[in-house]
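S.K.: Let me give you the structure first, and then I'll get to my questions.
The values are calculated or read from the model by the stated rules, or taken from the named source; none is laboratory data. These numbers were taken from a predicted model, which means no experiment stands behind them. Using ideal geometry, Cβ is built from the backbone for each residue, glycine included, and neighbour counts are taken over all protein chains shown. Heads up: the accessible areas ignore ligands, DNA and RNA and are worked out on the full protein's heavy atoms, side chains in. Shrake-Rupley method; radii C 1.70, N 1.55, O 1.52, S 1.80 Å.
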Amino acid sequence: MLRALLLELAKSSRLRRWITSHGATRRMARRFVPGEDLAPAIEAARACNKAGMAASLDHLGENVITREDAERARASYTAALDRIEAEGVEANISLKLTHLGLDLGGEFCAEQLRIVTRRAEELGNFVRVDMEGSAYTDRTLRIVKQARAETVTVGTVIQAYLYRSEEDVRELLGAGCRIRLVKGAYKEPSRIAFHRKKDVDANFVKLMKILLPSGTYHALATHDPKMIEAAIRFAAEQNITKDKFEFQMLYGIRTDLQTRLVRQGYRVRVYIPFGQDWFPYFMRRLAERPANLLFFAKNLFRGASPPA
Ligand SMILES: Cc1cc2nc3c(=O)[nH]c(=O)nc-3n(C[C@H](O)[C@H](O)[C@H](O)COP(=O)(O)OP(=O)(O)OC[C@H]3O[C@@H](n4cnc5c(N)ncnc54)[C@H](O)[C@@H]3O)c2cc1C
């Protein structure tokens, strides 16, 4: 219920204005978003590198409604790729197709993505296309498959909560596409998505067992110790070595677990979002964990710093 309410509120422009204009809430958001510019994101990536982890930089933004905004977003991604190269940090980029103008047309969006993946290819880097709400699943997969036919520098995300995901995984594997497996962060009807945690978890494990032995380098993006344990156990049973896949987690969430995995010799990549448009991302993080909301509410007017 609370999750559904928070995900619905993530669409409210009034709440967005209120939350993003308050100093206290902006400080709270720093737990999940290191800054509004590229520089703090690069610094956060450098800190992750020092701790033995790679990073993926995401310039926050979604559902742009003008071509100019989409082109600006595209330029920010090529600039991020250039800066990653210049600064020598180990990081790739993650982006959302609605930030690159998917709502303005598939062809236009595919062309924006092509410009970004070409730059990534020139630099020997990689572009991960995030997965958004189900209204975009087909269009995202279509554009990613088309992009993958042109270059290996692109991969995407599969959400374990969708019933369709096993079929999508098999199709993407056929195209040699790198996949980041997640549970799924949007509000979806039970007609198309599992709602009970135990069903989502079971599907995550099922899909993980298809991905890891596939011979392609995939990512398991979760903070759930049970999912991580299941993957570690399965990989050991199948003699899949630690360099054949990576775990991914979000900036500011379960840093203890991130460090522990690095110590155990696993590859870990931290997803680092930056930018001014942090409101929907922030709301999705609150929706994932009611304790975050409680902490947020308690500290709203106190300006305290968040827990680790
Ligand atoms: C690198 C990365 C990229 C992602 N990309 C996408 C994407 O493209 N599309 C998409 O739909 N979703 C994406 N997600 C979000 C994902 O779908 C889940 O919503 C999110 O990861 C929470 O699920 P979980 O697997 O961590 O497990 P959960 O079952 O939600 O949580 C397990 C445990 O993790 C911890 N935890 C989880 N979330 C939080 C939080 N917000 N704050 C504090 N602790 C928390 C808690 O200890 C919790 O008990 C991404 C997640 C990661 C890590």
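S.K.: Please label the shape of the chain as rounded, prolate or oblate, based on the square roots a ≥ b ≥ c of the eigenvalues of the alpha-carbon gyration tensor (a/c under 1.5 means rounded; beyond that, a/b larger than b/c means prolate, else oblate). Can you show the working numbers first?
M.R.: Numbers: a/c = 1.24, a/b = 1.11, b/c = 1.11.
Rounded shape, in that the Cα axes give a/c under 1.5.
S.K.: Spin-label point model (7 Å from Cα, Cβ direction): what's the ALA135 to ASP103 distance in nm?
M.R.: The modelled label-to-label distance comes out at 0.7 nm.
S.K.: Let me ask something else. Using a Gaussian network model of the chain whose springs link C-alpha atoms within less than 10 Å, name the residue from ALA54, ALA149, ALA287 with the highest mean-square fluctuation.
M.R.: Checking each option, the largest mean-square fluctuation is seen for ALA149.
S.K.: Only helices at least 15 Å long along their own axis, judged from Cα atoms, and with Kyte-Doolittle mean hydropathy of -1.0 or greater: name those in the chain from DSSP H.
M.R.: 38-50, 106-123, 137-150, 197-211, 225-237
S.K.: Regarding the range 66-212, what is the average projected area of its C-alpha convex hull, in nm²?
M.R.: Over all viewing directions, the range 66-212 projects a mean Cα-hull area of 8.9 nm².
S.K.: Around VAL129, what is the net charge, scoring Lys/Arg as +1 and Asp/Glu as -1 over all other residues with Cβ under 14 Å from its Cβ?
M.R.: +3
S.K.: Rank ILE179, ILE65 by accessible area, highest first, at a 1.4 Å probe radius?
M.R.: Largest to smallest exposure gives the sequence ILE65, ILE179.
S.K.: Here's something else I'd like to know. Once every DSSP H run of n ≥ 4 in the chain is given -39500 (n - 2.57) and the sum is divided by its residues, what mean residue ellipticity at 222 nm do you get, rounded to the nearest 500 deg cm²/dmol?
M.R.: Dividing the helical sum by the residues of the chain leaves -16000 deg cm²/dmol.
S.K.: Leaving out ligands and nucleic acids, note down the accessible area per residue over the range 164-291 with a 1.4 angstrom probe, in whole Å².
M.R.: That works out to 46 Å² per residue.
S.K.: Before anything else, pin down the relative contact order of the chain: Cα pairs under 8 Å, at least 6 apart, normalised by residue count, whole percent.
M.R.: 25
S.K.: Using r as the Cβ-Cβ distance of LEU123 and GLU36, and R0 as 25 Å, what FRET efficiency do you calculate, to the nearest 0.05?
M.R.: Step by step, r from the Cβ atoms, then E = 0.55.
S.K.: Right, another one. Any idea what the dipole of the range 145-283 comes to, in debye rounded to 20, about its Cα centre with Lys/Arg Cβ at +1 and Asp/Glu Cβ at -1? Show your work: numbers first, answer last.
M.R.: Details: 23 positive and 15 negative charges, 50 e Å.
For the range 145-283, the charge dipole is close to 240 debye.
S.K.: So for HIS59, HIS22, HIS195, HIS218, what's the accessible-area order with a 1.4 Å probe, most first? Intermediate values should be presented prior to the final figure.
M.R.: On the way: HIS59 45, HIS22 65, HIS195 125, HIS218 0 Å².
Correct descending sequence by accessible area is HIS195, HIS22, HIS59, HIS218.
S.K.: Run the dipole for the chain about the Cα centre, Lys and Arg Cβ at +1, Asp and Glu Cβ at -1, nothing else charged, and hand back the magnitude in debye, nearest 20.
M.R.: That gives a dipole near 1180 debye.
S.K.: Turning to a different aspect of this structure: If you stretched the chain out fully between LYS242 and ARG67, how much longer would it get, using 0.36 nm times the residue separation minus the C-alpha to C-alpha distance?
M.R.: 58.8 nm
S.K.: Same structure, new question: For LYS244, LYS145, LYS198, give me the order by solvent-accessible area with a 1.4 Å probe, most accessible first, ignoring ligands, DNA and RNA.
M.R.: Greatest to least solvent exposure: LYS198, LYS244, LYS145.
S.K.: Would you be so kind as to identify which of MET28, LEU5, ALA47 lies farthest towards the positive end of the dipole of the range 1-51, taking Lys and Arg as +1 and Asp and Glu as -1 on Cβ and the Cα centre as origin?
M.R.: LEU5
S.K.: I would also like to ask the following. Rounded to the nearest 10 Å², what accessible area does LEU60 show when all protein chains are kept and the probe is 1.4 Å?
M.R.: Counting only protein heavy atoms, the figure is 10 Å².
S.K.: Counting only protein heavy atoms, what percent of the accessible surface of the chain is carbon or sulfur at a 1.4 Å probe?
M.R.: Of the solvent-accessible surface of the chain, carbon and sulfur hold 52 percent.
S.K.: Sorted by packing (mean other beta-carbon atoms within 10 Å per residue), highest first, where do 39-47, 84-92 land?
M.R.: Peptide ranking by packing, descending: 39-47, 84-92.
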